[in-house]
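**Q** Here you go, one structure.
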Amino acid sequence: MGRIGLSVLIVAAGFLYLPLVVLAVFSFNDSALMAFPLSGFTLEWYRELAGNENFLRGFVTSFLIAQPVGILAMLFGLMASLALTAPGFRWRGLFAVLLLVPFLVPKSVLSIAQAMIMSRIGFERGATALILAQSLVALPFATALIAAVMVRLDPRLIEAARDLGASPWQAFLRVLLPQIRPALSGAYSVGVILSLADLTIAMFLAGRTQPLSLMVASEFRRELRPDLNAMQVVVLVLTAVLVGLSEAYRRRRLKKLAAEA
Amino acid sequence: MTFRQRHLALPVAAAIVAGCLAPLAVLVAFSFYEVEDFELVPAFSFRAWGELAFSSTDWFLIGKAVLSGVATTVFTAILGYPVALALTRLAASGKGLAVIVLLTPLYTGEIVRIYAWRIVLGGEGLVNTLLQGVGLIDEPLKFLLFSPFTIALVLTYNNLPFMVLAIWVSAEMVDRRLIEAARDLGARPIDAFFRVIFPLTTPGLAAGSLTVFALSAGEMLTPSLLGGTSGSTAMALVDNLFGTAFDWPLASALALALLATLFLVASAMAGLLLRLKGARAVVGRV
């Protein structure tokens, strides 16, 4: 690979990570002002954060909302992928277009329309509404991940299992599921990550529920504060750990599958 | 009727119809309703649509959304091509790492990114301090934060990974020998790009453009939190009409007009890109 190509990649990575690095640096900076030059190293902002009950509550709320979103995105993504790859499915094209709708309609338009219909039919806005709406937005991503793996599988394996007397359910559990488990864990992480990253949907549908992103948004309209930096870094690190774990799991599964084959 | 695998589409379709299509349909109905004493009353009134049709502000904001989506698409495409092409030259192990490097910034929350850019671009932020330190400028550059420049920069930042991924996937499928042949026959690298690589990667460019346009045109948070006085958006106005002003019919009409305009522009864009010669060759073959 040429020198030009390498420098392009380095510049691109620098651009993508620059804001995050600056954010992290100031969370350890010994000054309440976010200005250069840096004044020294401190853990003060993290200590302040640990004593902040609002933050801890917001964090637990966000986490508890993200889990069902991940699970729902995975389950519905799995069902959608099974349907998309089913033999003799006449409405496949239409169904695929339908799956793109939550992705193509801007989140802001979708959430405001959902907020209107909910208040009209008396469905209270809150955690449940937020979970359902976020799962819907994650669905196209989850489906893409699972379906991409399923179309590459050898259909003869399922056929062989069925010929040897396995019920469809057994064939699914014993033959298909082990092969798509890495993709399922990917779909789950995408749901969790999109839920943790979301602010737009929460603004319209959270009701009295206060996830972290909403708390940060209301705090930050007023001022920049280093303990908010520290909070962002904590969220970033936890998300990275989550991604790392699911990636490690995926790789281990893939290796195991390769060893079995 | 016995259960078949394809029937699993039913619950999924039902969820999308109930969660996406029904709310959009209700938007259509509400746009014809009337508001009396802060009460939404079913009616068949063209008041909201009439008001919208003659509101220059509303159409200006819809135009702004289109412009912001198109500009973000163009910027990400220009920056995305060199990155995607460089990625195709990596060894297989490097590619796995590159995917993680590329996707990790997307995992950060919307609000985290907005917050981080405020620190980078502020009067005493990284960029201004560096430029002053080197002696290029005497006063902090004011246009860096709370300006149209900020909106363009951050929207480009937010969407670049999607564009790179789409072009990259397409570029990986280009037969390397075609490029070598062009070079052997005397094409300069720039000619090889515009006559061979670009036409053959237009399907990826089209997919990336559609994605980036859909994600950036309706965005309201980045402009409102980083755009300063230039940060007004159609969706912020819809939000205002919905919440503070309690004019749901006008809010619905404006949201629908925005959605329809974005849909038309996106279809035109995809159609245009796919009509290019190379795209026809690639898509026709599949």
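FYI, it's all coordinate maths here, none of it is from the lab. What you see is a predicted model, and the numbers here were worked out from it, not measured in a lab. Heads up, the Cβs are rebuilt from the backbone with ideal geometry, glycines too, and the neighbour counts pull from every protein chain shown.
**Q** List the pair-distance distribution P(r) of the protein assembly as shown, using every Cα-Cα distance, as the percent of pairs falling in each 20 Å bin from 0 up to the bin containing the longest distance, rounded to whole percents.
**A** 19, 53, 26, 2
**Q** Could you please rank B:SER216, A:SER167, B:SER170, placing first whichever residue has the fewest other Cβ atoms within 10 Å of its Cβ?
**A** Lowest to highest Cβ neighbour count: A:SER167, B:SER170, B:SER216.
**Q** Cα to Cα, under 12 Å, and not fewer than 8 places away if on the same chain: which aspartates and glutamates meet these conditions relative to B:LYS142?
**A** B:GLU124
**Q** Between segment B:59-88 and segment B:90-130, what is the C-alpha centre distance in whole Å?
**A** Spelled out, the Cα-based centre of one part sits 18 Å from the other.
**Q** Hey, another quick one. Around A:LEU184, what is the net charge, scoring Lys/Arg as +1 and Asp/Glu as -1 over all other residues with Cβ under 12 Å from its Cβ?
**A** Here the count lands on +3.
**Q** In the Gaussian network model of chain B, springs joining C-alpha atoms below 10 Å, which of B:GLY96, B:GLY204, B:GLY80 carries the largest mean-square fluctuation?
**A** Looking only at B:GLY96, B:GLY204, B:GLY80, the biggest GNM fluctuation is shown by B:GLY96.
**Q** Here is a further query. Between B:ASP175 and A:PHE123, what FRET efficiency comes out of the Förster formula 1/(1 + (r/R0)^6) with R0 = 51 Å and r the beta carbon distance, rounded to 0.05?
**A** 0.40
**Q** Please quote Rg/Rh for segment A:1-42 to two decimal places, taking the Kirkwood radius as Rh and restricting both calculations to Cα atoms. The partial results should precede the final answer.
**A** Working: Rg = 14.7 Å, Rh = 12.0 Å.
With Rh from the inverse mean 1/r over Cα pairs, Rg/Rh is 1.22.
**Q** Whole number please: convex hull volume per residue of the Cα set in chain A, in Å³?
**A** 200
**Q** Using only alpha carbon positions, build the gyration tensor of segment A:49-119, then give the equivalent ellipsoid semi-axes as the square roots of 5 times its eigenvalues, largest first, whole angstrom.
**A** On the way: eigenvalues 239, 66, 15 Å².
Result for segment A:49-119: semi-axes of 35, 18, 9 Å.
**Q** Residue by residue through segment B:156-161, which ³J(HN,Hα) values in whole Hz follow from phi under the Karplus form 6.51 cos²θ - 1.76 cosθ + 1.60 (θ = phi - 60°), with glycine and proline marked x?
**A** 4, 4, 4, 9, 3, x
**Q** If you line up the Cα atoms of chain B on their principal axes, what length do they span on each, largest first, in Å?
**A** Result, largest extent first: 75, 73, 36 Å.
**Q** Same structure, new question: How large is the helix-only mean residue ellipticity at 222 nm for the protein assembly as shown, computed as the sum of -39500 (n - 2.57) over DSSP H runs with n ≥ 4, divided by its residue count, in deg cm²/dmol to the nearest 500?
**A** When only DSSP H runs of four or more count, the value is -24000 deg cm²/dmol.
**Q** Follow-up question, since we're still on this one. Hey, what angle do you get for helix B:248-275 against the long axis of chain B, alpha-carbon based, 0 to 90 degrees rounded to 10?
**A** Around 20 degrees separate the two axes.
**Q** How large is ³J(HN,Hα) for each residue in segment A:67-76, as worked out from phi by the Karplus curve 6.51 cos²θ - 1.76 cosθ + 1.60 (θ = phi - 60°), to whole Hz, x for Gly and Pro?
**A** Result, ordered by residue: 4, x, 4, x, 5, 5, 4, 5, 5, 5 Hz.
**Q** Now for a separate question. As a footprinting exposure proxy, order B:LEU126, B:LEU27 by other Cβ within 10 Å, with the fewest listed first. Kindly include the intermediate steps, with their values, before the conclusion.
**A** Working: B:LEU126 20, B:LEU27 23.
In order of increasing Cβ crowding within 10 Å: B:LEU126, B:LEU27.
**Q** Here's something else I'd like to know. Would you mind getting me the FRET efficiency between B:PHE194 and B:SER230? Use the beta-carbon distance for r and R0 = 41 Å, nearest 0.05.
**A** Efficiency, rounded to the nearest 0.05: 0.75.
**Q** Mind checking the angle between helix A:107-121 and chain A's longest principal axis? C-alpha axes, 0 to 90 degrees, to the nearest 10.
**A** It works out to around 80 degrees.
**Q** Counting Lys and Arg as +1 and Asp and Glu as -1, what is the net charge of the other residues whose Cβ lies under 13 Å from the Cβ of A:LEU38?
**A** Values: positive: none; negative: A:ASP30, B:GLU124.
Spelling it out: positives minus negatives among the neighbours equals -2.
**Q** Next up: Quick one: Cα centre-to-centre distance for segment A:233-261 and segment A:23-75, in angstrom?
**A** 23
**Q** Taking only Cα atoms and a 10 Å spring cutoff, compute GNM fluctuations for chain B and point out the largest among B:VAL112, B:VAL265, B:VAL74.
**A** Top of the fluctuation ranking is B:VAL112.
**Q** Under 16 Å between alpha carbons, and skipping anything fewer than 8 positions from A:LYS107 in its own chain: which aspartates and glutamates qualify?
**A** Correct list for A:LYS107: A:ASP198, B:GLU110, B:GLU219, B:ASP239.
**Q** Here's a follow-up. Over all directions, the average projected area of the alpha-carbon convex hull for segment B:155-256 comes to how many nm²?
**A** 8.7
**Q** Can you compute 3J(HN,Hα) from phi for each residue in segment A:54-61, using the Karplus curve 6.51 cos²θ - 1.76 cosθ + 1.60 with θ = phi - 60°, rounded to whole Hz and x for Gly and Pro?
**A** Using θ = phi - 60°, the values come out as 4, 4, 4, 5, x, 5, 4, 4 Hz.
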